[in-house]
Amino acid sequence: MEIWAKRFTKMALIYLALGVVMGMVIGSQPEWSQRLRFVHIHLNLLGFMTMFIAGVAYHVLPRFNARPVPWPDGVKYHFLLHNTGLLGMATTHLAGGLWSGGLLHVAFVMFAVMTGAGLLIMAYNLYSVMIPVKEGTEVKEITGGMKVGDVLDQFPASLQIFIDAGFHSLSNPVARKAFASVVTIQKACEKHEVELGGFLKQLNSALFSKSGRPGQSGKPPAQASDGKEEAPVGVAMGKGKPCTRDTMVGSLIKIHPETKTVFEKHYGEGCFSCPGQVYETVEQTAHMHNIDPELILKEINAMIGK
Ligand code: HEM
Ligand code: HEM
């Protein structure tokens, strides 16, 4: 689980504890209800429930839709705004901020706006993950006229290919943000004196396999037009054979259960609770987790070799 998804889930459980204690206080001292009711309700619903949903959704939805959130930093901002806003609202409300008017009321509204902004960021990020890629808009080939930033967004693993080819400034996230969204591959090649044709060839062969199946995008097997899943695109692991990019993880684990540790090391312990692991290929799972497939293959084959 990524750090911010984990933090959301942990904070949710802390709010649950606080909310429940507050509920018990109201239960035993009903005369405090007017003051504590808002805080009890919002610690439980806005703290525990909404944050728990956020943590789980940030972890699960991008994986199951094979689409990263469009604004990864937004998850961090959501966390900070949601927590600061909720704790600020709770404190100012306890101090009478909703009714007192004056500065306390202004502070309450300010914290309410912060919380709302955090929730809007969450809505934007998660809604975008749920929008299916439109038929025909899927990139089948990288061309010189495409913006570097668009290619990096759609194929996160292409970053390493750019850097290896000489676009070293892209390893700096600030430079990446500033230039990649406006500069085309052609212009970037001219600036860095990289031969355009050769680089495009290298990029396309790394990103798309011969079958035309997207490689680095990490998309799961396509759906047939009748809505049923098509036959798996990978190949089954053969006994005594090396593991390749196209080997289905499920078949590999059946023959070499010891290789599970490689996936768990790179993808996290929860990897094998994901239904995708049975039919996805080593390459697809690696790209889904933004890891170079060659790294995984090297470790797996070394283990099998032993
Ligand atoms: C042991 C745990 C809990 C206790 C003792 C407790 C106690 C209470 C009490 C005494 C009230 C009435 C407040 C009033 O009328 O002023 C109340 C209201 C409420 N509680 Fe809890 N609560 C607990 C857990 C939760 C949890 C886990 C949630 C949500 C996830 C929750 C959500 C609410 C809501 C939404 C209301 C307002 C209901 C309404 O508008 O009538 N409570 N709770
Ligand atoms: C930016 C976020 C939010 C703000 C600023 C906010 C603010 C408020 C305010 C000012 C009230 C009236 C309190 C009173 O009359 O004393 C209220 C009531 C309530 N809110 Fe929220 N809220 C937010 C999010 C949520 C969310 C996400 C939930 C549920 C998931 C929720 C559930 C409730 C409930 C159930 C009540 C009624 C409480 C009652 O019966 O007295 N709120 N909220």
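The values are calculated or read from the model by the stated rules, or taken from the named source; none is laboratory data. All values derive from a computational prediction rather than experimental measurement. Reconstructed Cβ throughout: ideal geometry from the backbone, glycine too, with neighbour counts over all protein chains shown. Only protein heavy atoms, including side chains, enter the accessible area calculation; ligands, DNA and RNA are left aside. Shrake-Rupley method; radii C 1.70, N 1.55, O 1.52, S 1.80 Å.
Looking only at the stretch 170-191, count every residue that is assigned to a helix (DSSP H, G or I) and either open to solvent by less than 60 Å² (accessible area, probe 1.4 Å) or within 29 Å of Thr244 (Cα to Cα) (or both) and tell me the total.
7
Which condition does Gly145 not pass, out of (1) outside any helix (DSSP H, G or I); (2) open to solvent by less than 40 Å² (accessible area, probe 1.4 Å); (3) of a type in the set (Gly, Ala, Ser), if it passes all the others?
(2)
Please tell me if Glu294 is outside any loop (DSSP other than H, G, I, E, B), surrounded by 14 or more Cβ atoms within 10 Å (Cβ to Cβ), at pLDDT 85 or above and not assigned by TED's automatic domain parsing to the domain that holds Gln154. If you could, list the steps in order and put the result at the bottom.
Working: outside any loop (DSSP other than H, G, I, E, B): yes; surrounded by 14 or more Cβ atoms within 10 Å (Cβ to Cβ): no; at pLDDT 85 or above: yes; not assigned by TED's automatic domain parsing to the domain that holds Gln154: yes.
So Glu294 does not fit the description; no.
Of the conditions (1) within 11 Å of the chain's Cα centre (by Cα); (2) under 15 Å from Tyr124 (Cα atoms), Arg63 satisfies every one except a single condition; which number is it?
(2)
Could you look through the stretch 26-46, keep only residues that are farther than 19 Å from Gly88 by Cα and modelled with pLDDT of 95 or more, and pick out the one that is farthest from ligand 1 (Cβ to nearest atom)?
Kept after step one, since they are farther than 19 Å from Gly88 by Cα, are these residues of the stretch 26-46: 26-33.
Add one more test, that the residue is modelled with pLDDT of 95 or more, and what stays is 26-28.
Values: Ile26: 4, Gly27: 4, Ser28: 9 Å.
Looking at the filtered set, the residue picked out is Ser28.
Can you name the condition, by its number, that Ala17 falls short on among (1) in contact (Cβ under 8 Å) with a residue 24 or more places away in the chain; (2) within 16 Å of ligand 1 (Cβ to nearest atom); (3) open to solvent by 50 Å² or more (accessible area, probe 1.4 Å); (4) under 29 Å from the mean Cα position of the chain (by Cα)?
All conditions pass for Ala17, except number (1).
Is there a residue in the stretch 76-97 that is within 19 Å of the chain's Cα centre (by Cα), away from ligand 2 (no atom under 11 Å from the Cβ) and open to solvent by less than 30 Å² (accessible area, probe 1.4 Å)?
Taking every residue of the stretch 76-97 in turn, at least one turns out to be within 19 Å of the chain's Cα centre (by Cα), away from ligand 2 (no atom under 11 Å from the Cβ) and open to solvent by less than 30 Å² (accessible area, probe 1.4 Å).
Which condition from (1) away from ligand 2 (no atom under 16 Å from the Cβ); (2) touching a residue at least 60 places away in the same chain (Cβ under 8 Å) is the one that Gln29 breaks?
Evaluating Gln29 over (1) away from ligand 2 (no atom under 16 Å from the Cβ); (2) touching a residue at least 60 places away in the same chain (Cβ under 8 Å) leaves (2) as the failure.
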